[in-house]
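Every number in this text was worked out from the coordinates using simple rules, so none of it is lab data. A quick note: this is a predicted structure, and the numbers were derived from the prediction, not measured. Cβ coordinates were reconstructed from backbone atoms using ideal geometry, including for glycine residues, and neighbour counts include every protein chain displayed.
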Amino acid sequence: MSRSAEPLIELTGVSKRFGSVPVLQDIDLSVGRGEVVVVIGPSGAGKSTLCRAINGLETIDSGTVTIDGRPLPAEGRELARLRAEVGMVFQSFNLFAHHTVLGNVTLAPRRIRGHHQDEAERAARELLDRVGVVGQADKYPRELSGGQQQRVAIARALAMNPKAMLFDEPTSALDPEMINEVLEVMRQLAAEGMTMVVVTHEMGFARSAADRVVFMADGRIVEDRPPGEFFSGPHSPRARDFLAKVL
Ligand code: ADP
Ligand code: MG
């Protein structure tokens, strides 16, 4: 296989328990370069744990996670290096409250990548412009709306120049009128070719932006299909039941 055909993210036989509760059960998932995979499923399905396993925030009991052909180790420098290659955006924006917007976006490039202040700021302003909040650069997170904060969180993740981005319900904590401005930034990223794994309940986004929809229940991948197929007729009773509730 040529290198470019290699998946960027690959999970093979990944299992994880919390105590006696199986949370991920024998997960096989492959995400190609530039691919957008939307993960949906009921609460407790294991979607967040899956995201956390992909960038090593959660250890796994068995199986392997590889990022760009490199197996994710349980700890150490290689883990930190690979983790920096996968940006993550959470439901709660969790920006650093005591840093300005610009400070939030420049912190990791300066501390982890060793970029100079002016170089980091120039790159940060470009990213903030891309997500439409460059006018807020000198404000503190509490002075921004939820939608603006989440767009800053996206810019902060992008500042590390990641190979892929993980989004775990990025719009679930937002007021309805702010959901679209965040989804729009994500659509734009997808159109630019970013490799993305997106956990969301926004079915419109799944339909329009996903290359594949992965439906999870009880720690398993129940369906993994293109959105057109998935939404026009899911096969599994679990998926049918879920869609009846969210659509
Ligand atoms: P989802 O994101 O699909 O709602 P999660 O991955 O958050 O699902 O959780 C899957 C299951 O794992 C749930 O039953 C949840 O209660 C359990 N769980 C998640 N994190 C922990 C933890 N740190 N300790 C114990 N159980 C957990
Ligand atoms: Mg979750």
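Who wins for biggest fluctuation among Ala153, Ala124, Ala173 in a Gaussian network model of the chain, springs between alpha carbons below 10 Å?
Ala173
After finding the eigenvalues of the alpha carbon gyration tensor for the chain, what semi-axes result from the square roots of 5 times each, listed largest first in whole Å?
Working: eigenvalues 173, 96, 54 Å².
So the three semi-axes of the chain are 29, 22, 16 Å.
Considering only the other residues whose Cβ falls under 12 Å of the Cβ of Leu95, what net charge follows from Lys and Arg at +1 and Asp and Glu at -1? Let's see the in-between values first.
On the way: positive: Lys139, Arg142, Arg151, Arg156; negative: Glu143.
Every neighbour counted, the sum reads +3.
At most 10 other Cβ atoms within 10 Å and a DSSP loop assignment: could you name the GluC sites (Glu not before Pro) in region 49-147 that fit?
Details: sites: Glu58, Glu75, Glu78, Glu85, Glu119, Glu121, Glu126, Glu143; in loops: Glu58, Glu75, Glu85.
Answer in residue order: Glu75.
If you take every DSSP beta bridge fully contained in the chain, what fraction is antiparallel? Give it as a percent rounded to 5. Numbers along the way, then the final one.
Details: 19 of 36 bridges.
So the antiparallel bridges amount to about 55 percent of the total.
Which log10 I(q)/I(0) values, to two decimals, does region 10-54 give at q = 0.17, 0.24, 0.32 Å⁻¹ under the Debye formula with one point per Cα?
-0.50, -0.94, -1.34
Straight-line reach from Lys47: which lysines have a Cα under 23 Å away, not including same-chain ones fewer than 8 places off?
Straight-line reach from Lys47, under 23 Å: Lys16, Lys163, Lys245.
Quick check on region 76-143: what are the equivalent-ellipsoid semi-axes from the Cα gyration tensor, as sqrt(5λ), descending, whole Å?
Working: eigenvalues 91, 47, 25 Å².
Each semi-axis is √(5λ); the values are 21, 15, 11 Å.
I want to verify a result. In a Gaussian network model of the chain, Cα cutoff 10 Å, which of these has the top mean-square fluctuation: Gly87, Gly41, Gly32?
Of Gly87, Gly41, Gly32, the most mobile in the Gaussian network model is Gly32.
Assuming 0.36 nm per residue, please report the length gained on full extension of the stretch Arg187 to Ala74 beyond their Cα-Cα distance.
On the way: separation 113, 0.36 × 113 = 40.68 nm, distance 3.23 nm.
That pair, Arg187 and Ala74, stretches by 37.5 nm at full extension.
Run the helix sum for the chain: -39,500 (n - 2.57) per DSSP H stretch of 4+ residues, divided by residue count, reported at 222 nm to the nearest 500 deg cm²/dmol. Let's see the in-between values first.
Values: 9 runs with 93 residues, N = 247.
That calculation yields -11000 deg cm²/dmol at 222 nm.
What are the trypsin sites (Lys or Arg not before Pro) within region 80-152 that DSSP puts in a loop, where the Cβ has at most 14 other Cβ atoms within 10 Å? List each step's numbers first, then the result.
Numbers: sites: Arg81, Arg83, Arg110, Arg111, Arg113, Arg122, Arg125, Arg130, Lys139, Arg142, Arg151; in loops: Arg113, Lys139.
Passing both the DSSP loop test and the Cβ count: Arg113.
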